[in-house]
Amino acid sequence: MTHLLDVDGVTLRYKTPSSLITATDRVSFQVETGDRFVLLGPSGCGKSTLLKAVGGYLTPEEGEIRIKGRTVKRPGADRMMVFQEFDQLLPWKTVVENVMFPLSVARKLARREAEEKARAYIEKVNLTKFADSYTHTLSGGMKQRVAIARGMAMEPDILLMDEPFAALDALTRRHMQDELLRLWEDTRFTVLFVTHSIAEAIRIGNRILLLSPHPGQVKAEVNDVDRVSAENGEAAELEKRIHDLLFNDPHPETTV
Ligand code: ADP
Ligand code: MG
């Protein structure tokens, strides 16, 4: 079976002048169309490194990454990234120009077509009033919405999100999580979402991959998040189960 994304036994290393750092050790997981797939693990376990490799910015030392069966070799418009940093936008461009930019450059859309699409996605993230503002006039949460609109407007096979809400205050963060879920209900895009917060993983994901501390290895995969969340409301039980799997589980590679 061909998966939308197949991360197959991927080891990623950094070579520095003084050492060889193993960031992830033979990590495997598969993402299907429409999944809200979360990579969860402590800081330094290799989540960002994995996401960059899926993005095509790093090459696995071992294993392979495939999108729709094709080996990932370089960045591509089929995988768009949203980062944690508020400075991922171009400050000399307005909101609509920021969202149009990859549409013009990578998708090679004509100006009118790019602008139409950009404005449609800006509306989806509730920023219509700010479409012609420069991004430095926006709050952190609004900047992240622009970055999400820019990624979604490209209509990629998969949206890659690296702790996009981690630098926001708690209330805004919660609000952005709800917004992302609302967007997902609306368009059912596929997202690979990185976080070190168990609560955020449960709120965002329908599937969660648990990674061990450095070097990152798969500890477990939780595939019934939506069902358990729906049954238990705030999902406190699931949070405890994930906590135990991350920190106490003596048996790696369990599927639950
Ligand atoms: P996470 O996103 O889970 O916090 P990272 O993927 O950023 O983890 O990092 C995984 C490991 O790789 C860490 O030990 C980190 O120090 C190391 N690392 C990350 N980026 C580099 C780099 N550019 N050069 C060398 N080591 C790096
Ligand atoms: Mg990171």
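Just a few scattered comments:
- One residue from 83, 130, 101 being open to solvent by 40 Å² or more (accessible area, probe 1.4 Å) and farther than 23 Å from residue 190 by Cβ: 130
- Identity of the residue in region 2-18, open to solvent by 20 Å² or more (accessible area, probe 1.4 Å), within 16 Å of ligand 1 (Cβ to nearest atom) and not charged (D, E, K, R), that ends up nearest to residue 72 (Cα to Cα): 14
- Qualifying residue in region 85-104 (condition: out of contact with any Ser or Thr (no Cβ under 8 Å at 6 or more places or on another chain) and within 13 Å of ligand 2 (Cβ to nearest atom)): yes
- Residues that are within 16 Å of ligand 2 (Cβ to nearest atom) and open to solvent by less than 10 Å² (accessible area, probe 1.4 Å) within region 209-220 comprise 209, 210, 211, 216, listed in sequence order.
- Every condition in (1) in contact with an Asp or Glu (Cβ under 8 Å, 6 or more places away or on another chain); (2) within 16 Å of ligand 2 (Cβ to nearest atom); (3) of a type outside the set (D, E, K, R) is met by residue 65 except one, and the failing one is (2).
- Taken over region 196-208, the criterion of being among the charged types (D, E, K, R) and open to solvent by 10 Å² or more (accessible area, probe 1.4 Å) is satisfied by 203, 207.
- Output for region 208-250, where each listed residue is within 22 Å of the chain's Cα centre (by Cα), modelled with pLDDT under 95 and charged (D, E, K, R): 224, 226, 227, 239
- Region 30-55: number of residues that are more than 11 Å from ligand 1 (Cβ to nearest atom) and in contact with an Asp or Glu (Cβ under 7 Å, 6 or more places away or on another chain): 1
- For region 173-195, the count of residues that are surrounded by fewer than 17 Cβ atoms within 10 Å (Cβ to Cβ) and within 16 Å of ligand 1 (Cβ to nearest atom) is zero.
- Subset of region 19-41 [of a type outside the set (Gly, Ala, Ser) and open to solvent by less than 10 Å² (accessible area, probe 1.4 Å)]: 24, 27, 29, 31, 37, 38, 39, 40
- Residue check for residue 157: closer than 24 Å to residue 9 by Cα and either within 16 Å of ligand 1 (Cβ to nearest atom) or open to solvent by 20 Å² or more (accessible area, probe 1.4 Å) (or both): yes
The values are calculated or read from the model by the stated rules, or taken from the named source; none is laboratory data. In this text, all values refer to a predicted model and were calculated from it rather than measured experimentally. All Cβ positions, glycine included, derive from the backbone under ideal geometry; neighbour counts span all protein chains shown. All accessible areas refer to the heavy atoms of the entire protein, side chains included, with ligands and DNA or RNA removed. Shrake-Rupley method; radii C 1.70, N 1.55, O 1.52, S 1.80 Å.
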